[in-house]
Amino acid sequence: MARTVEGDLSALAVVELDPDSVVAEHSHENEQLGVVVRGSVTFRVGDEVRDLGPGGTWRIPPNTPHEVHAGPQGAVVVDVFAPAREDWKSIAREDARTPRWP
């Protein structure tokens with residue numbers, strides 16, 4: 001589940017990852033920056049693997065394959081994309097639910 005704010009030049013997402021969930025390998029034309037707010041994740045960016053907890057950060061260059069695995073308690077992360085994610089405009093939106101963050 002993610003909550004997003006989209007501007008003309010960038011997009012921000014607060015993403016809640018369920019325990020032990022996986023975001024499969026993918027890439028996109030956007031640079032991606034992020035920080036772990038709660039929980040833990042294991043990121044693979046290209047050939048580099050990093051275990052990150054609260055306060056851990058990442059930078060993913062454009063068009064770089066990457067994937068993320070949430071830890072056993074799940075995670076809340078904040079992602080920033082530049083330029084803004086044009087592909088998000090076609091994603092169906094769900095009804096709001098009570099957030100687990102902050």
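What follows is calculated from the coordinates using simple rules that are stated; it is not laboratory data. Note that the structure is a prediction, hence the values are computed from the model and not measured. All Cβ positions, glycine included, derive from the backbone under ideal geometry; neighbour counts span all protein chains shown.
Scan the range 1-84 for trypsin sites (Lys or Arg not before Pro) in coil per DSSP, keeping those whose Cβ has at most 11 other Cβ atoms within 10 Å, and list them by number. Walk me through the numbers on the way to the answer.
Working: sites: R3, R38, R44, R50, R59; in loops: none.
Listed in order of number, the matching sites amount to none.
Within the range 1-66, report the GluC sites (Glu not before Pro) that DSSP leaves as loop and that have at most 11 other Cβ atoms within 10 Å.
Working: sites: E6, E16, E25, E29, E31, E48; in loops: E29.
Qualifying residues, ordered by number: E29.
Remark: the V23-E6 segment gains 4.0 nm on full extension, using 0.36 nm per residue and subtracting the alpha carbon distance.
Suppose every Lys and Arg Cβ carries +1 and every Asp and Glu Cβ carries -1, with no other charges. What dipole size does the range 2-88 come out with about its Cα centre, to the nearest 20 debye?
It works out to roughly 320 debye.
Let me check against my output: what whole-number percent is the relative contact order of the range 23-62, with C-alpha pairs under 8 Å and at least 6 apart? Intermediate values should be presented prior to the final figure.
On the way: 56 pairs, mean separation 19.5, N = 40.
Relative contact order, the range 23-62: 49 percent.
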